[in-house]
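Contents: one structure, followed by commentary.
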Amino acid sequence: MFLKRKNEEQTDSHLDVLSNGKSKMMKKVAVSILLISCLSFNMAFANEGKKSTLKEVYHIYSNGQYVGTLSDKKEIQKIIEQKEQATSTQYEDFSIKAGSNLSIVPEQVFTQSTNDEATLKKLVKIIEVEATAFALSVNDEMAVYVKDLNAYQEVIRKLKLHFVTEEELNLLEERKSPHESLPELKEDETRIADIILEEKVSGVTVSVTPEKIVTPEDAVKLLLDGTLEQEEYKVTAGDVLGKIASKYNLSTAELMKNNPGITDTTVLQIGQVLNVTVLKPIVNVEVQYEKKLVEVIKHTKTVVENDEMNKGDTKVKQEGSDGKKIATYLVRQKNGIQVGRSIIEETILVEPKENIVLKGTKVIPSRGSGVFVWPAEGGYISSQMGYRWGRKHEGIDIARPSGFTIKVTDNGVVVAAGWDGTYGKRVIVDHQNGYKTTYAHLSSISVSEGDVVPQGSKLGDMGSTGRATGTHLHFEVEKNGVTINPLSVLK
């Protein structure tokens, strides 16, 4: 019994301890919850207070560069609208947009500290105004800006019309239509086959400052000349075309082309203004023409040597005659200057006939070849053929040679050798081909009548026998019995 009671008392005591521990723990939890609730309330109240004091400012950047800070971004829009309105008044036909270079970054701050006036002054200066335009690109590089696609197409057309007529261009475009068949080219007809822009030309819509947009006419000038500005030079004393051209790295031909009416014989005037612009086309225009012509084919001439014919003799074996053909050419002009011509098609109508001439090579010592060599060793003509001292001088006189040997001018046979009055000692050679030559006033004779004398062989020595005023050779030539001027046959 005692033990049982004791055990019961111990059990009750243990339960009391557990009960007291739980009570204390519950009290601690309750206090913690109350503290957390108070803290959350105070924090929420504090945040609400902060939110009510924050202000928004706007940081402005232009193309990534900081400009300043504004308290009201509506002020930026006002400036943009003013810029757009002013530019639209100046460029009525363009689509204008301003401020694309700006970026705005908002920020929440406790204290709003900005200098709106200074920032707005900067913005007035730096806000960029752009217009929507069409850029003409040459080899992937922007070359010129025009208003729109229609203006771009007009530029391309005007480039072509700079080198062909409206009618020619229209006919070419009609022929390129898939519904049009190309008629056969007529004889002596020329037509445009194609017009090619040598560079790769394309276009794209872009935004650009309105000042850069030009008219189609100015765009064509820029593309063909490389510049819209004409450089001028005022002529000063001593200037000539070549000197001016060289100064500006131009050829004389280019300088004259720049100044129509100026030629290489033009007398420049002091103060005269010349266009010395160096033209460097950005776009080169090639016009290709088809040309059909009826042409003469010139015959050739061939000389065939014949050892059975005497040297100096010729004979026509076959008379030559011209032929005839129809040829179609492709003619290429670059910027108005022809740079090439090639045959597309050729039809021979009449074959040309070769002219064949036989030429003798057989040498007969007693027969001349018709080719006369100089009869003396150098010297000069001291007297021409013609009238002098009241009578006719039938030949020429050769004086002051380097040596005194007299030579026969061509192959032949000596038909006279001796004294002959006023001729003194003289030799006559018959060349057996219609020619005879006479050599007079010799001091000595080295041949006899009947001798066969080859060209260049010695006949005698120069002298002053007969009626002569000094040492010289009197030389005559007869052709078929008629005296002729020796200079007409001597080589």
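The values are calculated or read from the model by the stated rules, or taken from the named source; none is laboratory data. Predicted model, so just to flag it, every value in this text is computed and none were measured. Virtual Cβ from ideal backbone geometry, glycine too; neighbours counted across all protein chains shown.
Residue check: is V452 more than 60 Å from the chain's Cα centre (by Cα) and surrounded by fewer than 17 Cβ atoms within 10 Å (Cβ to Cβ)?
Values: more than 60 Å from the chain's Cα centre (by Cα): yes; surrounded by fewer than 17 Cβ atoms within 10 Å (Cβ to Cβ): yes.
In short, yes.
Go through the range 360-395 residue by residue and tally those that are of a type in the set (S, T, Y) and loosely packed, with under 14 Cβ neighbours inside 10 Å. So the count comes out to 2. Selection of the range 81-96 for residues being surrounded by 13 or more Cβ atoms within 10 Å (Cβ to Cβ) and over 15 Å from T209 (Cα atoms) yields only Q82.
Close Cβ contacts (under 7 Å, 6 or more residues apart or on different chains) running from residues in the range 308-320 that are over 15 Å from I356 (Cβ atoms) and at pLDDT below 90 to residues that are of a type in the set (S, T, Y) and surrounded by fewer than 16 Cβ atoms within 10 Å (Cβ to Cβ) comprise K311/T361. In the condition set (1) polar (S, T, N, Q); (2) without any contact (Cβ under 8 Å) to a residue 40 or more places away in the chain; (3) closer than 30 Å to K221 by Cα; (4) not assigned by TED's automatic domain parsing to the domain that holds V204, N150 is compliant with all but (4).
Within the set A143, A118, A135, A131, the sole residue that is more than 30 Å from the chain's Cα centre (by Cα) and assigned to a strand (DSSP E or B) turns out to be A131.
Yes/no matrix, rows are residues, columns are (1) more than 30 Å from D93 (Cβ to Cβ); (2) aliphatic (A, V, I, L, M):
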residue	(1), (2)
R175	yes, no
R191	yes, no
P216	no, no
L222	no, yes
Q230	no, no
V235	yes, yes
N258	yes, no
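Only one of the numbered conditions (1) modelled with pLDDT of 95 or more; (2) more than 30 Å from K407 (Cβ to Cβ); (3) in contact with a strand residue (DSSP E or B) (Cβ under 6 Å, 6 or more places away or on another chain) is violated by P375, and that is (2). When the test is whether a residue is assigned to a strand (DSSP E or B) and either of a type in the set (A, V, I, L, M) or outside the structural domain of E199 (by TED's automatic domain parsing) (or both), G312 does not pass it.
For G412, are the conditions met, namely being buried (at least 17 other Cβ atoms within 10 Å of the Cβ) and either closer than 30 Å to K315 by Cβ or at pLDDT 95 or above (or both)? Write out each step before concluding.
On the way: buried (at least 17 other Cβ atoms within 10 Å of the Cβ): yes; either closer than 30 Å to K315 by Cβ or at pLDDT 95 or above (or both): yes.
Yes.
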